[in-house]
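Student: Structure in structure tokens, see below.
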Amino acid sequence: TRLDFLAYLSFLGFVGSTILILVIIYLGGRTNVEYGSYLHPQPTRLWTTLEEAPFSIGLCIVGFAGHAVFPSIKNSMKNKKSYGKMMVTSFTLALIFYLTIAVLGYLMYGARVEKEIDLNFHYNINNRHDKNGRITFVVIAVSLTSWLVAINPATKFGLCMNPVSKNLEEVFGVEDSPSKILLLRVILCGLCLGMCLLLPFFAKMASFIGALCSSFSSVIFPYYAYYTLNYKKLNI
């Protein structure tokens, strides 16, 4: 299955992430606020606690654990020779985006930073800046950011679920039946939606997936595969 059309939705996610960074830079760069400015950092700490470390590590790793979608991306590329360059560029941009949001967001709000930083934006607007309900540039920017943050995962959903769907199609033997494939994918989407409703704690769920699943696929498995394939060449 070619997924070329999902590139347009993924670009929307990229635009959303870019706007989020610009909003953080704009809101945090103002000097006339006492809460929410990286020019006047809130109290922070250099090291995390033992209780919070697994949660933090899991959240960091899950953002770089898209290995399951790599074959689908490569098969859908027009110029497959650019795959390596595309991967380096993608991971570099992701690292820059994550570091910028993490560092600036932590400086802006310190220990009071929420699991999703746009919640802090709304707190600022509702309690400090625009109490009279005026529609300003800040209000528009924050509202737009909230919508884009919500849409961003949806733009990746089809790409991430495609390998799972393909494997289930082979397990149930429905590869040659478009109607059964559609039904299977609808059921799979419904199960994902039900899981989200039952477990609405996105940050904790993402951290759990990052610590349990992503750590294996991103860190342990690549080293093990390399060791297995090149065992005779390694000087051990």
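Read the figures in this text as sums done on the coordinates, not as results from a lab. Keep in mind the model is a prediction, meaning the values are calculated, not measured. Methodologically, a virtual Cβ is constructed for each residue, glycine included, from the backbone with ideal geometry; neighbour enumeration extends over all protein chains shown.
Student: Need the full-extension length gain, Ser143 to Leu50, defined as separation in residues times 0.36 nm minus the C-alpha distance. One decimal, nm.
Tutor: 29.9 nm
Student: Once the piece of chain linking Tyr8 and Ile25 is laid out straight, how much longer is it, given 0.36 nm per residue of separation minus the C-alpha distance between them?
Tutor: Net length gain for the segment: 3.5 nm.
Student: Compute the FRET efficiency between Thr89 and Ser165 as 1/(1 + (r/R0)^6), taking r as their Cβ-Cβ distance and R0 = 22 Å, and round to the nearest 0.05.
Tutor: 0.20
Student: Computed FRET efficiency, Cβ-Cβ of Asn75 and Ala111, R0 45 Å: what is it to the nearest 0.05?
Tutor: Here the calculated transfer efficiency is 0.50.
Student: Spin-label point model (7 Å from Cα, Cβ direction): what's the Leu39 to Phe216 distance in nm?
Tutor: Reported label-point gap for Leu39 and Phe216 is 4.9 nm.
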